[in-house]
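To keep things clear, I will list the structure first and then write my remarks on it.
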Amino acid sequence: MSEKINGVEVGELQEFKNICAQHPEKADRNPALVAHWEGGSRSRVEFKGMTVHLGGDGEFNPMQMFLATLAACDVDLIAMHASFLGLKIEALSVEAAGHFNVRSYLGLDGGPGSGYDGISYAVRISVPGATPEQIAHLRERCERSSPVGDSMSRAIPLTLEFLAHP
């Protein structure tokens, strides 16, 4: 059994990292999920037997969840890379905020695009004994290795197939 740091099985993850270095295709991911309308603004999203609800009373709306994915991705990323460095995290949080305008979403003419026009986020971490170089390394991983952050920072081709059954 490998050493567990910050809840991360370091040896197992390092082994997977080495496999991906030798066989880059092992790092490919192609998730596909389905969202079902449940009424009003509520959706049930399903992926491989897991379910999450978005929208409706008491749930994150999709735009809030969009920010949440960035924050959660970087929490995971930092925990993993801190573990690779042998650093034990005392506290870690990521706060994300953004601005968007709903005029276009509502079907009103003259509105800007309905997506975020800016997102900012702050990482707060306490890692006793970490060197400035190690902290800089963790920051660089956020800037260069976050799958969600990378996805948000560039245009991604989006293809829509709209199938109506009258």
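The values are calculated or read from the model by the stated rules, or taken from the named source; none is laboratory data. These numbers come from a predicted model, not from an experiment. Methodologically, a virtual Cβ is constructed for each residue, glycine included, from the backbone with ideal geometry; neighbour enumeration extends over all protein chains shown.
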Considering only residues that are acidic (Asp, Glu) and within 29 Å of Gln14 (Cβ to Cβ), which ones fall in region 27-45?
Asp28
With the first residue restricted to region 2-25 and required to be touching a residue at least 24 places away in the same chain (Cβ under 8 Å), and the second required to be in a loop (DSSP other than H, G, I, E, B), Cβ contacts under 7 Å at 6 or more apart or on different chains are Ile5/Gly86; Ile5/Lys88; Asn6/Lys88; Asn6/Ile89; Val10/Ser2; Val10/Glu3
Please work out which residue is nearest to Ala130 (Cα to Cα), limiting yourself to region 32-70 and to residues that are crowded, with 18+ Cβ neighbours inside 10 Å and in contact (Cβ under 8 Å) with a residue 24 or more places away in the chain.
Leu70
Taking Ala130 and the conditions (1) in a loop (DSSP other than H, G, I, E, B); (2) at pLDDT below 95, which numbered condition does it fall short on, given that it satisfies the others?
(2)
By residue number, the members of region 145-166 that are under 15 Å from Tyr121 (Cβ atoms) and either surrounded by fewer than 10 Cβ atoms within 10 Å (Cβ to Cβ) or free of Cβ contacts under 8 Å to residues at least 60 places away in the same chain (or both) are Asp150, Ser151, Ser153
If a residue must be assigned to a helix (DSSP H, G or I) and in contact with a helix residue (DSSP H, G or I) (Cβ under 8 Å, 6 or more places away or on another chain), how many such residues does region 73-109 contain?
9
